[in-house]
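The values are calculated or read from the model by the stated rules, or taken from the named source; none is laboratory data. All values derive from a computational prediction rather than experimental measurement. Neighbour counts are summed over all protein chains in view; Cβ atoms, including those assigned to glycine, are modelled from backbone coordinates with ideal geometry. Accessible surface is based on the protein model in full, side chains and every heavy atom, while ligands, DNA and RNA are left aside. Shrake-Rupley method; radii C 1.70, N 1.55, O 1.52, S 1.80 Å.
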Amino acid sequence: YLRPKASRAPHLGVEHVDAKGGGRWIARISAPVVNAETFHGIVRIDLDLGFAAALLAHEKECSFLVSERGQLIAKANELPALASLLDNGQLTTTLAGDAPARIDTGEHVATLEPVSLGDGARLWAGVMVPREQFTAAAGRVLWQNLGLGALMAGITIGALYFLIGRIT
């Protein structure tokens, strides 16, 4: 109530609500109701983030959301390595920064992306895959890019050959 009232701007925050021991994460969006510089109150929407597990679900990987303090908010298809990632000192360092990161846990690779929610609140979306799957995907991307580069080089050489023939 106080932030939207003072700033006269919408406010987005994420809170952990522990009602009767069944904790859940709630996104709260508040906006002031102002008419001709007169403050009349706020409008607030609470969104339960429990739906995030369904959105994250994917067969061969572990997807998750963590808070900026490293607390697990939602997960899908948990791998045993997820618990060790959450206790990893490198994760703490990553969460303190602003840039996307990749953390190698040995048998798995985790990729994390920051998700800004406004007013400084931030979650981190992560995907953890087995190392073999990550390496195979990187190899496919490499060969696709090399093939595309070779195709473009061939088209360019053909176009130059055609243009040189028309000049002479």
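Below are the figures for this structure:
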read-out: Calculated FRET value between residue 166 and residue 136, using beta carbons and R₀ = 41 Å, to 0.05; value: 0.35
read-out: Spin-label pair residue 6/residue 93, simplified geometry with 7 Å Cα→Cβ offset, distance in nm; value: 3.5
read-out: Accessible area, probe 1.4 Å, largest first, for residues 163, 85; value: 163, 85
read-out: Accessible area in the full protein assembly, largest first, 1.4 Å probe, for 82, 47; value: 47, 82
read-out: Residue 46 - accessible surface, heavy atoms, 1.4 Å probe, Å² rounded to 10; value: 70
read-out: Gain on full stretching of the segment that runs from residue 17 to residue 67 - 0.36 nm per residue minus C-alpha separation; value: 16.6 nm
read-out: Heavy-atom accessible area order for 143, 25, 124, largest first, 1.4 Å probe; value: 143, 25, 124
read-out: Karplus-derived HN-Hα couplings along region 150-165 (A = 6.51, B = -1.76, C = 1.60, θ = phi - 60°), whole Hz, x at Gly and Pro; value: 5, 4, 5, 5, x, 5, 5, 5, x, 5, 5, 4, 5, 5, 5, x
read-out: Residue-level accessible surface for residue 33, protein heavy atoms, 1.4 Å, Å²; value: 60
